[in-house]
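Bear in mind these aren't lab numbers, they're just calculated from the coordinates by the rules spelled out. Quantities reported herein were computed from a predicted structural model and do not represent experimental measurements. All Cβ positions, glycine included, derive from the backbone under ideal geometry; neighbour counts span all protein chains shown.
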Amino acid sequence: MTESEAEQYAAEIEAARVLFARPVSFVMGAVSVDQLPSAELPEVAFAGRSNVGKSSLINALVGQNHLARASNEPGRTRELNFFLLNDALHMVDLPGYGWARASKVAVKKFQNLGRDYLRGRPNLKRAYLLIDARHGLKEVDNEPMDALDKAAVSYQIVLTKADKIKPAERARVIEATQAGIRKRPAAHPIVLATSSETGLGIPELRLEIMQTCGVTL
Ligand code: GDP
């Protein structure tokens, strides 16, 4: 990166910080796809196994502790939760999957809701698939990736809780994850590592979302 490119990047990171410090509100929790808010604004969605750190990541992005509920209680993440940022974009918290304690029927219902949403949302710019940095990709993550590839929804892997592993291990997991998605047509080739605890990767993810949604300030 040249000096002027570095300055440009720093300015973009700052603009993204400002955007995510603007007002954000909870719009609604939808339990079926007929209830979704209007599809006019650009949208990004967050998916991942229950307990992967999805609520914590959304809270870290907006710098608030209680916007998305960080909770291990499964019942709280059964809906598609819509958040509106700066009247400019929606962030959508999808129901967690791979939730061991749920009944099979309940699991299917939540998965179908997530899948129907991902398949049919014209303003969805990108889905972020959250993966615990300590575990990397697992068998259970194949189903959502298959669904995203099939629906041709652009998605990017975001590793969560990266503070829990050492930098060398982090580099190894990023590499293994990038190798694991190489043949997946709708997957973004770059894997981001984040920590809601230390803020690692959060400014970069804000910028990605801002650019993906085409928002300018
Ligand atoms: P969700 O079910 O995917 O919404 O997961 P939560 O955001 O509720 O997080 C699950 C658990 O992981 C909570 O105990 C969080 O405090 C913890 N957690 C989430 N993100 C991080 C992180 O970046 N670092 C660490 N060390 N813990 C995290």
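Relative contact order of the chain: what whole-number percent is it, with Cα pairs under 8 angstrom and at least 6 residues apart? It rounds to 24 percent for the chain.
Taking the centroid of alpha carbons for each part, region 119-182 and region 1-42 are 20 Å apart.
Spin-label model, Asn86 to Val33: label points 7 Å out along the Cα-to-beta-carbon direction sit 3.0 nm apart. Across region 12-25, rounded Karplus estimates of 3J(HN,Hα) from the backbone phi angles (6.51 cos²θ - 1.76 cosθ + 1.60, θ = phi - 60°) give 5, 4, 5, 4, 5, 4, 5, 4, 6, 8, 6, x, 9, 9 Hz, Gly and Pro being marked x.
Figure legend: label point modelled 7 angstrom from the Cα of Lys166 along Cα→Cβ; residues of region 128-159 with amide N under 17 Å from it are 134-135.
Overall size of region 160-217 from C-alpha positions, given as principal axis extents largest first: 37, 32, 12 Å. For region 3-213, the antiparallel share of DSSP beta bridges with both residues in that region comes to about 35%. Which of the aspartates and glutamates could a cross-linker span from Lys161 if the Cα-Cα distance has to be under 16 Å and same-chain partners fewer than 8 positions apart are dropped? Within reach: Asp132, Glu169, Glu197, Glu204. Scaling the Cα radius of gyration of the chain by the globular reference 2.2 N^0.38 Å produces a ratio of 0.97. For a straight C-alpha distance cut-off of 18 angstrom, the aspartates and glutamates reachable from Lys150 (same-chain residues fewer than eight places away being disregarded) are Asp116, Glu139, Asp141. Summing Lys and Arg as +1 and Asp and Glu as -1 over all other residues whose Cβ lies under 12 Å from the Cβ of Ile13 gives a net charge of -3. Grouping the Cα pair distances of region 105-217 into 5 Å bins from zero gives a pair-distance distribution of 2, 11, 20, 21, 20, 16, 8, 2, 0 percent in increasing distance order.
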